[in-house]
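See structure below.
The values are calculated or read from the model by the stated rules, or taken from the named source; none is laboratory data. Remember, predicted model here, so these are calculated numbers, not experimental data. For neighbour counting, all protein chains shown are included, and Cβ atoms are generated from backbone atoms with ideal geometry for every residue, glycine included. What goes into the accessible areas is simple: the full protein's heavy atoms, side chains included, and nothing from ligands, DNA or RNA. Shrake-Rupley method; radii C 1.70, N 1.55, O 1.52, S 1.80 Å.
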Amino acid sequence: MIQGHGGNKQQLAKRIGSRIEDIIDMSANLNPLGPPKRIHTFIRENIHLIHALPEPDAAGMSKGFADYHGIDSGCVIAGNGTTFFIYTLPLALGAKKALILGPAYADYEDACATLNVKTRHCLTLAENNFVPDLDQLSDKAGQADLVFICNPNNPTGALVAKQDLETLIRRHTNTCFVVDESYLPFVPDAEDISLVRQTHLPNLVVLSSMSKIFRIPGLRTGFLSGANALIRKVMAHYQPWSVNALAQAVIKNIYDHPGDILPFYRQTREFIVKERQAFVQALAGTDGIRLFDTPVYFVLARLDRILAPELCRRVGDDGFLIRDCANFKGLSDRFVRFSLKTNKINLALAQSIKTALAREQE
């Protein structure tokens with residue numbers, strides 16, 4: 001199991017002699033606005049649900065997701081986070097060779113490794129702003145049973161157009177494509193980009209995370225959607241009670257109020273656009289760092305005069321936890337990622353970064 005998903009607040013707090021709650025974690029990709037207020041109230045009022053078993057297949061939760069997206073409930077499975085499906089799919093689909101569009105979330109490769117599935121990477125390049133070479137991707141996809149594409153990508157933020165993905169999927173009918181849309185709700189016009197409704201494509205599954213957009217990672221909730229035949233293959237490896245009772249109830253409650261979802265998405269998107277622009281502007285003209293353009297709320301940066309561990313250490317002295325991206329295949333210890341928060345915090349991090357980099361010029 002990979003150990004490098006994000007920073008360690010406890011470790012940093014101990015190093016600088018701070019309280020854990022005073023550490024500002026900008027290494028984990030979560031909605032900077034936090035969850036909708038109703039979620040905390042609902043959890044407090046329904047804590048008693050933990051005293052009984054949940055639905056074994058989380059059918060009520062799945063129906064809410066299906067109804068919201070206008071697809072058949074038989075084309076959806078609810079799981080214990082999208083990672084649950086990432087580790088299930090290579091086995092369920094009998095994959096022998098997998099392709100990963102990278103740099104990307106390391107658990108795609110880790111999941112394949114646990115089942116001895118051979119993996120190759122189609123790596124995007126910094127000089128191309130990490131935009132995929134679709135011809136190269138297509139050539140390699142034709143040689144794989146399974147292809148993982150995170151859209152928009154983590155950690156680069158690169159987004160592949162819906163039409164390009166559909167063309168790729170239709171071209172390689174013997175290859176199953178896993179499109180991870182965990183970060184898509186943060187993107188403007190995401191509803192027009194998503195492939196969730198394309199359940200007629202027999203070689204496509206889509207992963208949708210509730211953890212990121214609703215900022216509830218501890219509840220471990222996510223969905224897999226796809227054609228009925230693929231759903232049946234995955235369900236053959238599904239463990240009953242995979243989603244706990246409280247998590248099922250929270251997600252069902254969210255979809256019981258569908259009119260509240262899009263306004264929350266839009267509020268989040270508007271906030272992100274404003275704060276990302278402010279953060280980029282605050283670092284404009286700073287020597288030794290390049291920020292890559294992104295439609296999401298996390299920002300990948302390349303360092304020129306300092307290595308990632310040293311920058312992490314220096315801003316850590318100020319109580320900021322950022323992501324060293326050295327363990328993303330295709331990146332190196334010259335890359336870091338910042339997950340934005342409020343304006344005050346973002347600008348304080350920008351100042352900490354500028355101070356840390358200025359020391360290289362002394």
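Structure values in brief
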item: Residues within segment 19-46 that are surrounded by 12 or more Cβ atoms within 10 Å (Cβ to Cβ) and touching a residue at least 40 places away in the same chain (Cβ under 8 Å), tallied; result: 19
item: Tally, over segment 98-129, of residues that are under 22 Å from Asn203 (Cα atoms), part of a strand (DSSP E or B) and in contact (Cβ under 8 Å) with a residue 40 or more places away in the chain; result: 6
item: Failed condition for Cys75, given (1) over 30 Å from Thr294 (Cα atoms); (2) in contact with a helix residue (DSSP H, G or I) (Cβ under 8 Å, 6 or more places away or on another chain); (3) open to solvent by 20 Å² or more (accessible area, probe 1.4 Å); (4) not basic (Lys, Arg); result: (3)
item: Flag if Arg359 is over 21 Å from Tyr105 (Cβ atoms) and open to solvent by 20 Å² or more (accessible area, probe 1.4 Å); result: yes
item: Residue satisfying condition, being in contact with a Pro (Cβ under 8 Å, 6 or more places away or on another chain), hydrophobic (A, V, I, L, M, F, W, C) and either surrounded by fewer than 24 Cβ atoms within 10 Å (Cβ to Cβ) or on the phi > 0 side of the Ramachandran plot (or both), within set Leu159, Leu201; result: Leu159
item: Filtered residue count, segment 321-352, keeping only those that are more than 24 Å from Pro103 (Cα to Cα) and open to solvent by less than 20 Å² (accessible area, probe 1.4 Å); result: 4
item: Qualifying residue in segment 206-217 (condition: of a type in the set (Lys, Arg), surrounded by 15 or more Cβ atoms within 10 Å (Cβ to Cβ), in contact (Cβ under 8 Å) with a residue 24 or more places away in the chain and outside any helix (DSSP H, G or I)); result: yes
item: Residue ID - surrounded by the fewest Cβ atoms within 10 Å (Cβ to Cβ), chosen from residues in segment 234-277 that are basic (Lys, Arg) and under 19 Å from the mean Cα position of the chain (by Cα); result: Arg266
item: The one condition in (1) open to solvent by 60 Å² or more (accessible area, probe 1.4 Å); (2) outside any helix (DSSP H, G or I) that Ala95 fails to fulfil; result: (1)
item: Unmet requirement for Val131, which otherwise passes all of (1) open to solvent by 60 Å² or more (accessible area, probe 1.4 Å); (2) more than 16 Å from Leu300 (Cβ to Cβ); result: (2)
item: Residue count, segment 302-318 (criterion: surrounded by fewer than 20 Cβ atoms within 10 Å (Cβ to Cβ) and closer than 21 Å to Ala278 by Cβ); result: 2
item: Residue identified as surrounded by fewer than 20 Cβ atoms within 10 Å (Cβ to Cβ), within 17 Å of Leu224 (Cβ to Cβ) and hydroxyl-bearing (Ser, Thr, Tyr) among Tyr108, Tyr68; result: Tyr68
item: Total residues in segment 111-120, condition out of contact with any Phe, Trp or Tyr (no Cβ under 9 Å at 6 or more places or on another chain) and open to solvent by less than 40 Å² (accessible area, probe 1.4 Å); result: 1
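Residues are listed down the side, and each one gets a yes or a no for (1) out of contact with any Gly (no Cβ under 6 Å at 6 or more places or on another chain); (2) open to solvent by 10 Å² or more (accessible area, probe 1.4 Å):
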site: Gln163; (1), (2): yes, yes
site: Glu166; (1), (2): yes, yes
site: Ile169; (1), (2): yes, no
site: His172; (1), (2): no, yes
site: Val179; (1), (2): yes, no
site: Pro185; (1), (2): yes, yes
site: Ser194; (1), (2): yes, yes
